[in-house]
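The values are calculated or read from the model by the stated rules, or taken from the named source; none is laboratory data. Everything numeric in this text was worked out from a predicted model, so none of it was measured. Here the Cβ positions follow ideal geometry from the backbone for every residue, glycine too, while neighbour counts run over all protein chains shown. Surface areas here come from the heavy atoms of the whole protein model, side chains and all, with no ligands, DNA or RNA. Shrake-Rupley method; radii C 1.70, N 1.55, O 1.52, S 1.80 Å.
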Amino acid sequence: MKQIMKELGQKPIAVYSIYVDITGSLSAGVLLSQIMYWAEKMGDGEFYKSDAELMQETRLTQSEFKTAKKLIATLSFLKIERK
């Protein structure tokens, strides 16, 4: 199965259950996991992604994404800016 997914160009998204617990939402937990992944990967914690890119990566619908983003924006340890 791993080989098939690789051949299809698919990459897994790891969702840490603590992110679901922190946000109180599976959708927000998925989005937060992806945000934390990119923040760590970029090294300095800052990265640039459009909403469309994050929706495509997480497979969240526009409605799910909008709700998840609102929840995540209330977290004290994360800052979302439009640039």
Is one or more of the residues making up segment 58-79 within 9 Å of the chain's Cα centre (by Cα) and open to solvent by less than 70 Å² (accessible area, probe 1.4 Å)?
yes
Looking across segment 45-57 at residues that are touching a residue at least 12 places away in the same chain (Cβ under 8 Å) and assigned to a helix (DSSP H, G or I), the single one that is most open to solvent (accessible area, probe 1.4 Å) is D51
What pairs can you find where one residue is in segment 19-37 and open to solvent by 70 Å² or more (accessible area, probe 1.4 Å), the other is at pLDDT 95 or above and part of a helix (DSSP H, G or I), and their Cβ atoms are less than 6 Å apart, with a gap of 6+ or different chains?
L26/V20
